[in-house]
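Read through the structure below, which is laid out as structure tokens, and then see the notes.
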Amino acid sequence: MTTIRCSRLPLLMACNASALSPLPRSNEDSDAATQGRLCHEIIEAYAVTGVEPDYEAFDSETSRLVRNGVEMISQIPHDTTWVAEMDVSDRISEDCRLTGHIDLAAMTKTGIVVADIKTGRKHDGDYRPQVRGYALCAQDPALSADCWILYLSDKSAENWQETPETLESFRADIVKHLEAPMDYVPGPHCDAHYCSLRQVPARVSGGVAGVHRRAPDDRAEALPVSVDKITRGR
């Protein structure tokens, strides 16, 4: 069975061959990665506990990003306590399981609230498929999902509603991309994602024209995942 993470869905929709290739080792010790983890931890802690962070304890940029996140998260309607880093999983077809972990999730009278935190700006990329994947995994099929993406750098947000019908349509769309021929399709997404065809970050490798087809047996192996909060099979 193939396992794909929700964080790979934006790339899957644009270039399925690259999205299903093995992930490169990320630079988790970079300054940007360290700052991103810290911002997530502080904002999530505030959401769960309601305790205002000590902004003076951080450098000016981290403090600014955290303050933006705290102000935005406090304005999202919800009826239950926030849950941070919620692991979710859903078997979306006979051959594929979708997995991920939601930065912040809470319940309302009509469904679930899903909030994803990005340290960048609103127009840095299209992350809606990622958050729609979280909603698909976590949601009761009969209820709606209130989806949010919070961009800390420019203090902006995207908010939209998902219904059982739109999520079922999205599930079918994921399966269609998974079953399509494995093609590398260069485009605007190349600037934001690792390119397995070139084996280097796309933004520094230069353009590649045309469509490059992967061999049928070149599909990535399923990635091991740990799911301990929500697991649902259909």
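The values are calculated or read from the model by the stated rules, or taken from the named source; none is laboratory data. In this text, all values refer to a predicted model and were calculated from it rather than measured experimentally. Virtual Cβ from ideal backbone geometry, glycine too; neighbours counted across all protein chains shown.
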**Report entry** Among the candidates Thr62, Thr99, Thr49, residue that is in contact with a Leu (Cβ under 9 Å, 6 or more places away or on another chain), more than 20 Å from Ala157 (Cβ to Cβ) and at pLDDT 95 or above
**Finding:** Thr99
Report task. Please list, ordered by first then second residue, the pairs with beta carbon atoms under 9 Å, 6 or more apart or interchain, first in region 68-81 and hydroxyl-bearing (Ser, Thr, Tyr), second assigned to a helix (DSSP H, G or I). Result -> Ser74/Tyr46; Ser74/Ala47; Thr81/Ala47; Thr81/Val48
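This table checks each residue for (1) of a type in the set (Ser, Thr, Tyr); (2) surrounded by 13 or more Cβ atoms within 10 Å (Cβ to Cβ); (3) farther than 26 Å from Ala145 by Cβ; (4) under 16 Å from the mean Cα position of the chain (by Cα).
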{"position": "Leu11", "(1), (2), (3), (4)": "no, yes, no, yes"}
{"position": "Ser21", "(1), (2), (3), (4)": "yes, yes, yes, no"}
{"position": "Asp31", "(1), (2), (3), (4)": "no, no, yes, no"}
{"position": "Asp54", "(1), (2), (3), (4)": "no, no, yes, no"}
{"position": "Ala57", "(1), (2), (3), (4)": "no, no, yes, no"}
{"position": "Ser74", "(1), (2), (3), (4)": "yes, no, no, no"}
{"position": "Arg97", "(1), (2), (3), (4)": "no, yes, no, yes"}
Query raised in the report: How many residues are in contact with an Asp or Glu (Cβ under 9 Å, 6 or more places away or on another chain) and either under 20 Å from Met86 (Cα atoms) or charged (D, E, K, R) (or both) if we restrict to region 48-68?
Result: 0
Query raised in the report: For region 76-91, what are the residues that are assigned to a strand (DSSP E or B) and either among the hydroxyl-bearing types (Ser, Thr, Tyr) or surrounded by 21 or more Cβ atoms within 10 Å (Cβ to Cβ) (or both)?
Result: Met86, Val88, Ser89, Asp90
Report task. Check Ser7 against each of (1) more than 19 Å from Leu136 (Cα to Cα); (2) assigned to a helix (DSSP H, G or I) and name the one condition it does not meet. Result -> (1)
Report task. Please verify whether region 24-46 includes one or more residues that are within 18 Å of Lys155 (Cα to Cα) and not in a helix (DSSP H, G or I). Result -> no
Requested in this report: Residue by residue through region 140-151, note down the ones that are within 28 Å of Arg121 (Cβ to Cβ) and either of a type in the set (Asp, Glu) or assigned to a loop (DSSP other than H, G, I, E, B) (or both).
Outcome: Asp146
Report task. Please go through region 147-165 and pick out each residue that is crowded, with 16+ Cβ neighbours inside 10 Å and over 15 Å from the mean Cα position of the chain (by Cα). Result -> Leu152, Lys155, Glu162
Requested in this report: Please name all residue pairs, on different chains or six or more residues apart, with Cβ atoms under 8 Å, provided the first residue is in region 130-146 and is within 18 Å of Arg97 (Cβ to Cβ) and the second residue is polar (S, T, N, Q).
Outcome: Gln130/Ser7; Cys137/Ser89; Cys137/Thr99
